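Taking it in order: structure first as structure tokens, then the write-up.
The values are calculated or read from the model by the stated rules, or taken from the named source; none is laboratory data. Since we're looking at a predicted model, the values are computed, not measured. All Cβ positions, glycine included, derive from the backbone under ideal geometry; neighbour counts span all protein chains shown. For the accessible areas, the whole protein counts, side chains as well, though only heavy atoms, and no ligand, DNA or RNA atoms are used. Shrake-Rupley method; radii C 1.70, N 1.55, O 1.52, S 1.80 Å.
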Amino acid sequence: MNKLDCFFTEIDNSCQVFLPTLEKNRILGVKTRDKSSRLSISEVITIIVSFHQSGFCNFKRYYIQYIYLHLTGEFPDLVSYTQMHKLI
């Protein structure tokens, strides 16, 4: 199991616990966007964590030059950088 798989597994396990609790405790009357994405929350967080571990100084450059070019196998449903920026 590589480092990215370890990140994803830990993050996904945490999201399985945290997200239902977040939904249950959401303040009534507060509107939230409910636009679905092809990327899961776990995948978005994994990409952000891997950026901070990467040594890149610029997220846009990291996403376009590394994730988008080299990790499409690990993230088959990647979205454009603009959409990713909105998700974050």
**Prompt:** Is one or more of the residues making up the range 56-65 outside any helix (DSSP H, G or I) and in contact (Cβ under 8 Å) with a residue 60 or more places away in the chain?
**Reply:** no
**Prompt:** Counting just the residues of the range 3-39 that are among the small types (Gly, Ala, Ser) and exposed (fewer than 10 other Cβ atoms within 10 Å of the Cβ), which one comes out modelled with the highest pLDDT?
**Reply:** Ser36
**Prompt:** Taking the range 43-72 as the search range and keeping residues that are of a type in the set (Gly, Ala, Ser) and under 12 Å from Leu4 (Cβ atoms), which one is most open to solvent (accessible area, probe 1.4 Å)?
**Reply:** Ser54
**Asked** Say we look at the range 73-88 and pick out the residues that are outside any loop (DSSP other than H, G, I, E, B) and in contact with a helix residue (DSSP H, G or I) (Cβ under 9 Å, 6 or more places away or on another chain); which of these is surrounded by the fewest Cβ atoms within 10 Å (Cβ to Cβ)?
**Response** His85
